[in-house]
Amino acid sequence: MEDGGLMRRVVLEDLGLPETNAAVLGAERLKETCLPALLKATEGAGVKVENTEAQRKSLKTWMACFLYIAKRVRVGGEKGTELKQAADVERSFTITQLLRACDVSFVEFARELRHIMARAKPTILAECASAGDENESENKGNPVEIALEMSELSMDFCHLSALFSKYKDKFQVLFTSESEAAAPTNLSPAKATPGNQQDAGGPASDWESDPWFKFGWLTFVTCKEALLPKFPDLVSCASLLVCVMNFLLAHVPPSRMRKTLNDAIAYPVRTATGATYTLGCVAFLLHAPLADAQKMMPRVDDLLHELLSKDPVIERYEAMVDAVIMTGCGNYKGLLAVGAEDRQLEILDKAYDQAYRLGGELDARDFASSAKNKAMGNSSKMTPRLNKRGPLNTAGGRGIIKQKENRNWSYPSPFRRQVAGVPQSPALFPNQVTPSTPISEALAASQWLRKAVEKHMERDSHSDSDLSRIFVMCSEKSCKDIKEKIEKYVQDLADKILPAVGSPLGKRKASSTNSFTSEAEKRKKEGIALYFHILEAMLVAEEKRAGGDVLLSLLLNKDLHVSLVAFAFEVLSDCYKMTALSFPTVLNRLSISAFDLCKVIEPLVRAEVNLNLPKEVKKHLYAIEETGLESLSWKKGSPFYKEMVACRNNNKEMEEGGSSAFQKVQPLPKAFGRPGAMDASNSQGKPSSSSEKTLGEFLRKVQKLATFRMIDLCNRLERGLKFRKEGGGLVDAGLILGQAVSIIEFVIYEQTRLMYNRHIDQIVLCTLYGVAKVNSCIVTFREIVHHYSKQTQCKQEVYRAVVLKQTYPDLQIEETGDIIQFYNRCFVPVVQNELLNIVSNSKREREPETPSRKQGATSPPRGEDKKAALRQRTTNGKGQAGGESPRTPARIHHNTKMSSPLRVRTLPDSARQEYLLASPSSHSLFTFIGTPLDQNETPTKRWEEINNKLNSSSMPGSPPKAAAAATAADAAESSQQLETQVSGTQNKRVRV
């Protein structure tokens, strides 16, 4: 492969850089050190060697990644030199120019850069000597990743995509195209909005060539670069969009208007004198706060006046005070007049180009071109925070695996959106319902936040609040001014999160129209007020639950205050969609772990605390908790390991100060132990430590999360008929699921070390493959990974960059590989015996009972005892069900043979749809395998039948001596089969 020629062509011809450029030299060095590992990983992932086009595409993407890394950080510099690259090298080309030269979309680029950082992170850190030791500041974030700013750029890309969609939608709602303006108008909702037919050719080309459409988007991106921070939040951008749309509404010719401005239904906002207030109407149209738009409109007007005054044709005039139309902005004669369109558009284009080349990376002008927009990639594939969907909700929408042979299996769903035109504004068409969008969700959440913190913005003026009463009561008990100390401590923490100088939300010049000196100060003040709002709600709830004696200890707990501040600013970041505080920036700046934040998420989102968080904010918090459970809490440096050492090694020295889990070399425990074993030790008089309770609750949540994802993955594979033996017969998916959940529980509690510095999904994938193989299924790793990629939390580095070898106890990574290498080298040696035991037990349970086995079997418990045991398993150990957050999952036994609702695919089409669409009160979704679905008429009879079969079945006891030979033979046969499969996998790699 001529990789050197490709690099030279991109550098010399397309980017116009000299070969002596520091970024070019650094990229060459990264290519030499990182390319072999990447090629090895690609071959392991199943890329065919003869596929030259795929190799060339991958190589171009890697070249773009190497050049971008080398232009942002110094590669090969001496230790102690500054990590950040020189300004002239950094601005030698932008990321948009780089991607055009390499013919790579931004979505592909961001995905591969994340994979490179996961696969070749030690090599890159070694090349960037000034980055320091990787282990020195694990909780402060990787310095190279911080310098690359890829998290901020990815979110900014998603925000720009959403903003352009909103701009185009509202422009089409308010104005007609040039072709429509020339033809007789038809203002019906269906005709007035060409809709999402931008790919149809005709309508899209009309809007792209429309000078007013171009002028509006150029005005927006130019004002965004000049008036907002480098990485602004989505709510501020929406307020700017309101101002731009208002400017267009004041200047677009009346012949292009869909509704006249004096239409009281379309434009309902009026001034005190009865004039149509266009700024208020546009804010109402976009559901944006009018106060923010009123503060920003004068700044937009001043900037446009400065730019447009360069054209002598344009003349500015002020509107009359008693005018019928009040725009709130300056008015210009000659704007986009005939013969002056290109010249005026060029003025805005040059202004944006200058700002973009000085400090930008993404060229926002490309969004207005359908060809360039398509080349940038689909932003919906990289917006987990803008399009949150839980792992269990994937079966109702895009998560469904679309296969041609299974199309007749689909059924109508109330959750499936109907295909229609562009959603209309209630201001123009009141009968239309507007679905939620990322921008509308952010605006609604920000309005909730402002109302929630309103009384805490000036805390001294609310001395009669519950928080002030609690502060006074606790200050009298401790003889200290607790309120003043807490306020100072919280202010210091807020300054770390949003520093006044040097942050991406850096200071802006104060003006008479802006009451805040910077965006950062404004958001910081709201974040502090939100913290006190959360603190008050939590203390009031605890006072009702446990009395006032516990409040003082809570207020004196510094770790609790740090977690609450992190919680408050995460809520703030999600409400405003703050790019500069994308997760986990807040945790990194406070030097805490996701393990600490996960402790407070579940208690605070409960209804008892009465925070009334918006639904989308709750989804964001649950997503953070899932991320902590699946990977972040298992990373090196996490407090999880400190708790494990203190809990299992009984080392009191670990309780002495400091936050590092490895201040002293301590052996990491191999396993945490089963909950039953812990309960037995506690019954012998040994009290449970706080670390043991914390870890027990944490691991129960991890087990539940893994179980949910395993259920979803098994359902996907069952729908694809993947649990099939070589002879053609199907293996019961319920059996596979039960055995897989048992293996996951075994790994979490008895082989916890296998989880260290890894991802929970890696255990799920290997468990499902191992269970399928010992049950003689022909499912491959490639098929499992294919269905796993349909889950919303999937990332390629989960199965492409797995830790194979690391040191203990400091967990320094020595070798990484793909998921198949991890399965063969790490997973099978640890879990092999447990897999064989589960298979042998399953075969023994399916055998018909002989008289000798009946004598050796123990008597089953009575019905009441069985129900009590079931209640004990499904509660959280305190006799009550858990909250909304992941808690203790009920253990799934493979001997409880209940079938999934997916078995209805054996019914005819009409009966299948009727069964799936029926209400839960009309039928039951559970039955024993082999029992027809229509055998019992009501759910009550169905459950009675199930209970009778459960109560009448025998509980398997220890295997009698007569069956010992058969059991040993089964185990030996399964062992030989597993060894053959594993060795075959090692000899012939399975392509993922």
ask   = Scanning for something assigned by the TED database to the domain that holds LEU835, open to solvent by 30 Å² or more (accessible area, probe 1.4 Å) and at pLDDT below 90, does the range 700-721 turn up at least one residue?
value = yes
ask   = For the range 65-80, does any single residue satisfy the condition of being hydrophobic (A, V, I, L, M, F, W, C) and either at pLDDT below 80 or assigned by the TED database to the domain that holds LYS230 (or both)?
value = no
note = Among residues of the range 809-831 being among the acidic types (Asp, Glu) and over 18 Å from THR767 (Cβ atoms), the residue most open to solvent (accessible area, probe 1.4 Å) is GLU814
query = Do we have any residue at all in the range 778-792 that's within 17 Å of LEU629 (Cα to Cα), within 26 Å of the chain's Cα centre (by Cα) and touching a residue at least 12 places away in the same chain (Cβ under 8 Å)?
reply = yes
key: Unique match (being hydroxyl-bearing (Ser, Thr, Tyr), open to solvent by 20 Å² or more (accessible area, probe 1.4 Å), closer than 23 Å to VAL731 by Cα and modelled with pLDDT under 90) among SER842, SER776   = SER776
Residue match in the range 723-741 (condition: under 25 Å from LYS599 (Cβ atoms) and in contact with a Lys or Arg (Cβ under 7 Å, 6 or more places away or on another chain)) = no
inquiry  = So if I check each of ALA371, ALA291, which one is closer than 25 Å to ALA442 by Cα, free of Cβ contacts under 8 Å to residues at least 60 places away in the same chain and not in a loop (DSSP other than H, G, I, E, B)?
reply    = ALA291
note = Inside the range 161-180, the number of residues satisfying the requirement of being among the hydroxyl-bearing types (Ser, Thr, Tyr), open to solvent by less than 30 Å² (accessible area, probe 1.4 Å), within 16 Å of GLY216 (Cβ to Cβ) and in a helix (DSSP H, G or I) is 1
inquiry  = Please count how many residues of the range 557-584 are over 16 Å from LEU621 (Cβ atoms), open to solvent by 10 Å² or more (accessible area, probe 1.4 Å) and under 15 Å from the mean Cα position of the chain (by Cα).
reply    = 0
ask   = Do we have GLY202 as open to solvent by less than 20 Å² (accessible area, probe 1.4 Å) and at pLDDT below 70 here?
value = no
query = For the range 752-768, which residues satisfy the criterion of being open to solvent by 20 Å² or more (accessible area, probe 1.4 Å) and assigned to a helix (DSSP H, G or I)?
reply = ARG753
ask   = Out of (1) more than 27 Å from ILE820 (Cβ to Cβ); (2) of a type outside the set (S, T, N, Q); (3) modelled with pLDDT of 75 or more, the odd one out for LYS57 is which?
value = (1)
note = Filtering the range 301-345 down to residues that are more than 26 Å from TYR267 (Cα to Cα) and in a loop (DSSP other than H, G, I, E, B) yields SER309, LYS310, ASP311, PRO312, VAL313, ILE314, ALA337, VAL338, GLY339, ALA340
inquiry  = Only one of MET326, MET297 is buried (at least 20 other Cβ atoms within 10 Å of the Cβ), modelled with pLDDT of 90 or more, in the same structural domain as ALA250 (by the TED database) and not β-branched (Val, Ile, Thr). Can you tell me which?
reply    = MET297
task = Take the range 275-288 and flag every residue that is of a type in the set (Gly, Ala, Ser) and either outside any helix (DSSP H, G or I) or surrounded by fewer than 18 Cβ atoms within 10 Å (Cβ to Cβ) (or both).
result = ALA275, ALA288
query = If a residue has to be in contact with a Lys or Arg (Cβ under 9 Å, 6 or more places away or on another chain), of a type outside the set (S, T, N, Q) and closer than 28 Å to THR437 by Cβ to count, how many in the range 576-591 make the cut?
reply = 6
query = Out of (1) open to solvent by less than 60 Å² (accessible area, probe 1.4 Å); (2) in contact with a Ser or Thr (Cβ under 7 Å, 6 or more places away or on another chain); (3) under 16 Å from ALA27 (Cα atoms), what's the single condition that is false for ARG74?
reply = (1)
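The values are calculated or read from the model by the stated rules, or taken from the named source; none is laboratory data. Fair warning: this is a prediction, and the values are worked out from it, not measured in the lab. Cβ sites come from the backbone with ideal geometry, for glycine too, and all protein chains shown count toward neighbours. Just the protein is used for accessible areas: all its heavy atoms, side chains included, with ligands, DNA and RNA removed. Shrake-Rupley method; radii C 1.70, N 1.55, O 1.52, S 1.80 Å.
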